[in-house]
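A quick write-up on the structure given underneath.
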Number of protein chains: 2
Amino acid sequence: MKNMFAVKGNIIFTKEFGVYEVLENGFIVVEDKYVKGVYSKLGKEYDNIKIIDYGNSIIIPGFVDIHLHAPQFANLGLGLDKELMPWLESYTFPEEAKYSNITYAKKVYSRLIKELWKFGTTRACVFATIHKNSSKLLMDMFHESGLGAFVGKVNMDRNSPDYLVETTEASLFDTEEILKEYSSKYSLVKPIITPRFVPTCSTKLLKGLGVLAEKYKVPVQSHLSENIGEISFVKELHPEAKNYASIYNDAGLFGNTQTIMAHCVLVDDNEIDLMVKNKVFVAHCANSNSNLTSGIAPVRKFINKGIPVGLASDVSGGHSLSMMDVIVSSAQVSNLKYIESDRNDKPLNTAELFYLATKGGGKFFGKVGSFEEGYEFDALVIDDSDLPIFKALSIEERLQKFIYTGDDRNIKERYVAGDNIREPKFI
Amino acid sequence: MKNMFAVKGNIIFTKEFGVYEVLENGFIVVEDKYVKGVYSKLGKEYDNIKIIDYGNSIIIPGFVDIHLHAPQFANLGLGLDKELMPWLESYTFPEEAKYSNITYAKKVYSRLIKELWKFGTTRACVFATIHKNSSKLLMDMFHESGLGAFVGKVNMDRNSPDYLVETTEASLFDTEEILKEYSSKYSLVKPIITPRFVPTCSTKLLKGLGVLAEKYKVPVQSHLSENIGEISFVKELHPEAKNYASIYNDAGLFGNTQTIMAHCVLVDDNEIDLMVKNKVFVAHCANSNSNLTSGIAPVRKFINKGIPVGLASDVSGGHSLSMMDVIVSSAQVSNLKYIESDRNDKPLNTAELFYLATKGGGKFFGKVGSFEEGYEFDALVIDDSDLPIFKALSIEERLQKFIYTGDDRNIKERYVAGDNIREPKFI
């Protein structure tokens, strides 16, 4: 018999967008790294398996953060008084330059991964920097931690400061080196093609990356239509382009392989149609878009059109790694978007946002973010016994209470692909 | 010599709106409950006083939360899927009805006050319920805790459910009983006239409360122009009124004595003029206004006009008691308001919001919220040594990092009016 066990507790997850599946005092049977099934009683065939009883705790899928910048973790909570383009120049690029130093990278990345673990983020899509070695280091460290991640060495060959720029050739060469070395190295940590965004990537670089994505069958992540300053700069650089998205698309970087575009705050209808057609994921970064005065992404519209959406911290445009915090912020801006859209784009409720923070983003990783059969078993055990609760609450209400008023102290256990993950201790 | 001591640490506060005063390794001398002065070195006259050295910690004024509903604490993080009027009917009124039971009230209020303490809120303006006895209990408990508070028994004599309504006479009678009994009972806890809002208060009740406010020289708190549903109901009820604010004003409840109006999201220019003229405080409740889909209050406009503004959690329309969280949320919506106002209403920066969360709201309590001479010594000692910090930060940056990324675990000591306040232990 394969490695099999069950966890017992109050199980809640979302198979469908916005619809909770709830099993009080239920069991999740795990076989190797996969969910075998969810049961209210265990059948005879499971008589001899180990049962880990989490009592009255809540068991939820692990959180999936589909857009964050690892090196910017050092700037968390700082430098939030500028919009995107001056923010990059003043705060972000100078910080990212430091990651040519592998010792510094290790210091920051160690703490970042510990904090991701702390907040129950079990999978993440991560931008590193242009530096090959610290990008590799980050992948090795994620692997060591047991968390799942797509990690991208960033590409930038123009409109970047002298201290943070590559030649087109070196950028492509280093990227390919990583793809060769890391595509099959780890099961939970994979490389991803990561052009920073159109302003810092020449057409030649973008096309070269498109070729690599196709050649190695690897996914892509980048930024799209985040802020008005950025968009007008893109228009200046590419007067010939139909729109911002088409520049990625022309280079084979817009859904040719699985693709995430962060933000999409100000996409136009043509871009949305292209996203629908190419099944491009949106990383919705509510905190970041408010912090950097970008605006509110039309998430309800994306969902109605069938565009896949996940939630993201976007550290350090976002100031918090906590996906609970990201859910709350996403709910708040969806309410404000409802007003802004003359009450057309309905607010996103907790069940809908919980879906986006688990299965929605998890789809990018395959079968991740749910407790359906065949899904990788990523889970958090939530002990809410110390939260101020004064009446009997349903499991749905307890989950909402945890999201809105709890914090990392309520997360007691974290599983990734069937393994119970302990706090990373990097040496 | 009077009771005198000094605290030593990295002192930061805002004397003027948006301007930090910083003293690294400085001293605050406290005499009785007041700040005597802030010094980089102690003069000879202080040779014999006790010095409490907080090392590298940051010392800031205590947070002031100028609008929250104590009974709604039980609903924290729940029932956020409706706008104001249906939210009141579905979730809030049924909860508030429970406070006829003093045992239940004590249970919830104990935890609420502990949580306020935990998050470093040293002064608060609080709505209780219509119930006289649990309102008195709340005042007694605040006194016992050592925190400062204005506490209002709520008045509501119309458009309220049968289980949560008073007669006009009983409402006024009970209010006056509390004013007589509590106006001079405690130094840090005081009663405040608290008509819930126009929809639930008859003109007769409002006018009666105006008379009491004048007779006992007590301040007033209520709600104004929070949500479109509420405003249209007020218009229906008072077709004769010039606007919503004028109804309070005609009753002597709009600045005749010191007054706070919560929200003011949708006030018109005439209402703003009246607020300016009458020096009415705005309680800005960013989390609540986003959670209940009310909108974004024009705070920059208020400030430019000279209207006094403080920040508020508005539990449980707001989901968090943490004033750090409230500052972040206020910053975010101010950025979105900047976009909404065609880039006219400038975003509020951290120093400005820190002022509002300390001295801005503190003004309602007198000399509170600053370390200037003569101010009551309310302070928090912030130990940020466990936050992820990778470079030398200024004290201003450390404060911002604490606000955006820290939490209650970083608050090591809390002073109110010169006393070091320990965690409340209610029996």
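The values are calculated or read from the model by the stated rules, or taken from the named source; none is laboratory data. Fair warning: this is a prediction, and the values are worked out from it, not measured in the lab. Neighbour counts run over all protein chains shown; Cβ positions are idealised from the backbone, glycine included. Please note that ligands, DNA and RNA were not included when accessible areas were found on the heavy atoms of the full protein model with its side chains. Shrake-Rupley method; radii C 1.70, N 1.55, O 1.52, S 1.80 Å.
Under a model in which nothing but the beta-carbon of Lys, Arg (+1) and Asp, Glu (-1) is charged, chain B shows a dipole of about 780 debye around its Cα centre. As a length-normalised measure over Cα pairs under 8 Å and 6 or more apart, the relative contact order of chain B settles at 21 percent. Calculated translational diffusion coefficient of chain B (10 °C, 1.306 mPa s; Stokes-Einstein with Kirkwood radius over alpha-carbon pairs) equals 73 µm²/s. At 4 °C and a viscosity of 1.567 mPa s, what translational diffusion coefficient does Stokes-Einstein give for the protein assembly as shown, taking Rh as the Kirkwood radius over Cα pairs? Give it in µm²/s as a whole number. D, rounded to a whole number, is 46 µm²/s. The GNM of chain A, with springs linking C-alpha atoms under 10 angstrom apart, assigns the highest mean-square fluctuation among A:Lys107, A:Lys15, A:Lys118 to A:Lys107.
Interface residues of the range A:395-412, defined as those losing at least 10 Å² of solvent-accessible heavy-atom surface relative to the isolated chain (probe radius 1.4 Å), are listed as A:Glu397, A:Gln400, A:Lys401, A:Tyr404, A:Thr405, A:Asp408, A:Arg409. Each of the peptides B:94-100, A:19-25, A:293-299 was scored by the mean count of other Cβ atoms within 10 Å over its residues; in descending order, highest first, they stand as A:293-299, B:94-100, A:19-25. Under the convention that each Lys and Arg Cβ holds +1 and each Asp and Glu Cβ holds -1, the size of the dipole of the range A:279-427 around its Cα centre is about 440 debye.
Against chain B, whose longest principal axis comes from its Cα atoms, helix B:269-278 is set at around 60 degrees.
When only alpha carbons are used to place a centre, the range A:316-374 and the range B:349-377 end up 36 Å from one another. Structural descriptor for the range A:1-79: relative contact order 33 percent, calculated from alpha carbon pairs under 8 angstrom and at least 6 residues apart. If only the Cβ of Lys and Arg carry +1 and only the Cβ of Asp and Glu carry -1, the dipole of the protein assembly as shown around its Cα centre is close to 1040 debye. How big is the A-B contact in terms of buried accessible area, both chains counted, 1.4 Å probe, rounded to the nearest 100 Å²? What A and B bury together is about 3900 Å². Distances between equivalent label points of B:Met4 across the copies, with each point positioned 7 Å along Cα→Cβ, amount to 7.8 nm, shortest listed first. Take B:Glu169, move 7 Å from Cα toward the beta carbon, and the resulting point lies 9.7 nm from the same point in each other copy, nearest first.
By DSSP, the beta bridges lying fully in the protein assembly as shown are antiparallel in about 45 percent of cases. For the range B:172-273, the solvent-accessible area of protein heavy atoms averages 38 Å² per residue (probe radius 1.4 Å; ligands and nucleic acids excluded). Legend: residue pairs A:Lys190/A:Lys279; B:Lys118/B:Lys425; A:Lys279/A:Lys337; B:Lys153/B:Lys277; B:Lys136/B:Lys180; B:Lys153/B:Lys363, Cα-Cα distance threshold 18 Å; pairs beyond threshold, A:Lys190/A:Lys279; A:Lys279/A:Lys337; B:Lys153/B:Lys277; B:Lys153/B:Lys363. Remark: mean inter-chain Cβ contacts per residue of A:73-86 equal 4, using a 10 Å Cβ-Cβ cutoff to other protein chain atoms. Could you point to the residue in A:Asn270, B:Gly62, A:Phe197 farthest towards the positive end of the protein assembly as shown's charge dipole, with +1 and -1 charges on the Cβ of Lys/Arg and Asp/Glu respectively? Highest projection toward the positive end goes to B:Gly62.
Note on B:Lys204 and B:Asp47: the model spin-label points, each 7 Å out from Cα along the C-beta direction, lie 7.1 nm apart. Computed from backbone phi, the HN-Hα couplings of the range B:361-373 come to x, x, 4, 5, 9, x, 8, 9, x, 8, 9, 5, 4 Hz, rounded to whole numbers (Karplus: 6.51 cos²θ - 1.76 cosθ + 1.60, θ = phi - 60°; Gly and Pro given as x). Taking the protein heavy atoms of chain B in the context of the full set of protein chains, the accessible area attributed to carbon and sulfur is 49 percent at 1.4 Å. In this structure, A:Lys114 and B:Ser232 have a Cβ-Cβ separation that, at R0 = 56 Å, corresponds to a calculated FRET efficiency of about 0.65.
Can you bin the range A:300-411 into rounded, prolate or oblate? Criterion: square roots of the alpha carbon gyration tensor eigenvalues sorted a ≥ b ≥ c, rounded for a/c under 1.5, prolate for a/b above b/c, oblate for the rest. Here the range A:300-411 falls in the oblate category. Between the range A:233-260 and the range B:1-55, the alpha-carbon centres lie 58 Å apart.
Around A:Gly369, with a cut-off of 13 angstrom between Cβ atoms, what is the net charge of the other residues, counting Lys and Arg +1 and Asp and Glu -1?
-1
Dipole orientation for chain B: of the candidates B:Ser232, B:Leu209, B:Ser160, B:Leu209 has the Cα lying most toward the positive pole (charges on Cβ; Lys, Arg +1; Asp, Glu -1). For the range A:15-143, the per residue solvent-accessible surface stands at 37 Å², with DNA, RNA and ligands left out and a 1.4 Å probe. Using Cα springs under 10 Å in a Gaussian network model of chain B, which residue among B:Phe173, B:Phe63, B:Phe127 shows the largest mean-square fluctuation? Comparing B:Phe173, B:Phe63, B:Phe127 in a Gaussian network model of chain B, the most mobile one is B:Phe173. The Cα center of the range B:65-140 and the Cα center of the range B:141-158 differ in position by 10 Å.
Roughly what angle does helix A:168-182 make with the longest principal axis of chain A, taking Cα atoms, 0 to 90 degrees, to the nearest 10? Between the helix axis and the principal axis of chain A, the angle is about 20 degrees. Among the protein heavy atoms, those of B:Phe281 account for about 10 Å² of accessible surface (1.4 Å probe, every chain in place). Each label was represented as a point 7 Å from its Cα along the Cα-to-Cβ direction; for A:Ala392 and A:Lys15 these points are 2.6 nm apart. Placing unit charges on the Cβ atoms of the charged side chains and taking the dipole of chain A about its Cα centre, the candidate lying farthest along the positive direction among A:Ala124, A:Leu188, A:Tyr355 is A:Leu188. Rounded to the nearest angstrom and listed largest first, the equivalent-ellipsoid semi-axes of the range A:155-236 from its Cα gyration tensor are 24, 14, 11. Across the range A:205-217, rounded Karplus estimates of 3J(HN,Hα) from the backbone phi angles (6.51 cos²θ - 1.76 cosθ + 1.60, θ = phi - 60°) give 5, 4, 5, x, 5, x, 5, 5, 4, 5, 4, 9, 6 Hz, Gly and Pro being marked x. Against the main long axis of the alpha-carbon atoms of chain A, helix A:323-340 sits at an angle near 70°.
By DSSP, what percent of the beta bridges with both residues in chain A are antiparallel, rounded to the nearest 5?
45 percent
Of A:Tyr109, B:Tyr355, A:Tyr216, the order by accessible heavy-atom surface (1.4 Å probe, DNA, RNA and ligands excluded), from most exposed downward, is A:Tyr216, B:Tyr355, A:Tyr109. Computed 3J(HN,Hα) for the range B:137-148, one whole-Hz value per residue from the Karplus formula 6.51 cos²θ - 1.76 cosθ + 1.60 where θ = phi - 60°, is 4, 4, 5, 4, 6, 4, 4, 4, 6, x, 7, x, glycine and proline marked x.
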